[in-house]
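Novice: Just dropping this structure here.
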Amino acid sequence: MKTKTRLKRKLVFFATANVHKFNEARRILAEFGIATVMINIKGVEIQDTDIERIAKTSALDAAKKCSLPLFVEDAGLFIKALNGFPGPYSSYVYKTLGTRGILKLMENVEDRAAEFRSVVAYYEPEGGMLKTFQGKAEGKIAEEPRGTSGFGFDPIFQPVEAEGGRTFAEMSTEEKNRYSHRARALRSFAEWFLHRG
Ligand code: IMP
């Protein structure tokens, strides 16, 4: 394999302004021998009911801004008892209501089932290839925030796989990466990225 091709396959650009997301991603992709470079630009985040469409638009916009092949990642927290709210509006709801606001909406709600969904959108300007990869993490909304690691809704999300009902914020990045929506989407991206023709 030519050096240039090998390099192209082993290095990937992640357009994000979120250093927590970058730290999670770089560890996951390193498992596949892929080095991740953070590009601190934010692709436009449209309001839409579909996180895949949000991620695709964001990837195209970010690539236009820096003329590089890159991926973006968009995620949302979908709460069953709230008919999937905040879902695609998670970013806005996190900024306005925060974790406390979600807990308030969930007061006296018995069914606390929820899931995080993630979409990774990869775009290559040369050839105009756009691919998406999905991942999800099932769990429950905690009764109160617990833990200080991670970001966003981590202190109120207990993935089903974690013993003792621990939240993402009570885990190391390494453990969160075992069960997270983002890790699953990124692993499926990495498989494709390494094996494409
Ligand atoms: P974004 O649009 O992908 O940045 O995410 C939407 C919202 O969901 C943000 O406000 C984040 O706080 C939250 N979020 C996304 N991924 C995670 C996660 O892995 N843990 C906790 N919160 C997250």
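Novice: What do you reckon, is Gly127 at positive phi and away from the ligand (no atom under 13 Å from the Cβ)?
Specialist: Judged against the criteria, Gly127 is a match.
Novice: Answer yes if at least one residue in region 67-83 is open to solvent by less than 70 Å² (accessible area, probe 1.4 Å), without any contact (Cβ under 8 Å) to a residue 40 or more places away in the chain, in a loop (DSSP other than H, G, I, E, B) and within 17 Å of Ser118 (Cα to Cα), and no otherwise. Please lay out each step first, then the result.
Specialist: Filtering region 67-83 for residues open to solvent by less than 70 Å² (accessible area, probe 1.4 Å) gives 68-79, 81-82.
Next cut, without any contact (Cβ under 8 Å) to a residue 40 or more places away in the chain only: 78, 81-82.
Cutting the leftovers down to in a loop (DSSP other than H, G, I, E, B) gives us none.
Scanning region 67-83, I find no residue that is open to solvent by less than 70 Å² (accessible area, probe 1.4 Å), without any contact (Cβ under 8 Å) to a residue 40 or more places away in the chain, in a loop (DSSP other than H, G, I, E, B) and within 17 Å of Ser118 (Cα to Cα), so the answer is no.
Novice: Taking Phe133, is it within 12 Å of the ligand (Cβ to nearest atom), under 16 Å from the mean Cα position of the chain (by Cα) and under 22 Å from Leu186 (Cα atoms)?
Specialist: The answer is no for Phe133.
Novice: Find the residue count for region 84-96, including only residues that are more than 9 Å from the ligand (Cβ to nearest atom) and buried (at least 16 other Cβ atoms within 10 Å of the Cβ). Please lay out each step first, then the result.
Specialist: Let us first name the residues in region 84-96 that are more than 9 Å from the ligand (Cβ to nearest atom), namely 84-85, 87, 96.
Among the residues that remain, those that are also buried (at least 16 other Cβ atoms within 10 Å of the Cβ) are: 84-85, 87.
Within region 84-96, residues that are more than 9 Å from the ligand (Cβ to nearest atom) and buried (at least 16 other Cβ atoms within 10 Å of the Cβ) number 3.
Novice: Among the residues that make up region 110-118, is at least one of them at pLDDT 95 or above, touching an Asp or Glu at 6+ places or on another chain (Cβ under 7 Å) and in a strand (DSSP E or B)?
Specialist: Scanning region 110-118 turns up at least one residue that is at pLDDT 95 or above, touching an Asp or Glu at 6+ places or on another chain (Cβ under 7 Å) and in a strand (DSSP E or B).
Novice: I need the full set of residues from region 40-59 which are crowded, with 18+ Cβ neighbours inside 10 Å and more than 14 Å from the chain's Cα centre (by Cα), in order please.
Specialist: Scanning region 40-59 gives Gly43, Thr57.
Novice: Check Val109, Val119 and return the single one that is open to solvent by less than 60 Å² (accessible area, probe 1.4 Å) and either within 11 Å of the ligand (Cβ to nearest atom) or free of Cβ contacts under 8 Å to residues at least 12 places away in the same chain (or both).
Specialist: After ruling out the rest, the residue left standing is Val119.
Novice: Quick one: Glu191 ticks every box in (1) under 30 Å from Pro69 (Cβ atoms); (2) without any contact (Cβ under 8 Å) to a residue 60 or more places away in the chain; (3) open to solvent by 50 Å² or more (accessible area, probe 1.4 Å) except a single one, so which number is it?
Specialist: Status for Glu191: all satisfied but (2).
Novice: Assess whether Arg100 counts as being within 17 Å of the chain's Cα centre (by Cα) and basic (Lys, Arg). I'd like the intermediate steps shown before the answer.
Specialist: Details: within 17 Å of the chain's Cα centre (by Cα): no; basic (Lys, Arg): yes.
Answer is no for this residue.
Novice: Restricting region 138-177 to residues that are modelled with pLDDT under 95 and in a loop (DSSP other than H, G, I, E, B), which is most open to solvent (accessible area, probe 1.4 Å)?
Specialist: For region 138-177, the residue satisfying everything is Glu161.
Novice: Out of all the residues in region 114-158, which are within 22 Å of Ala15 (Cβ to Cβ) and aliphatic (A, V, I, L, M)?
Specialist: The answer is Val119, Val120, Ala121, Met129, Leu130.
The values are calculated or read from the model by the stated rules, or taken from the named source; none is laboratory data. The structure presented is a predicted model; accordingly, all values stated were derived computationally and were not measured. No Cβ is skipped: glycine too gets one built from the backbone with ideal geometry, and neighbour counts run over all protein chains shown. The protein model used for the area step is the full one, side chains on, heavy atoms only, and it has no ligands, DNA or RNA in it. Shrake-Rupley method; radii C 1.70, N 1.55, O 1.52, S 1.80 Å.
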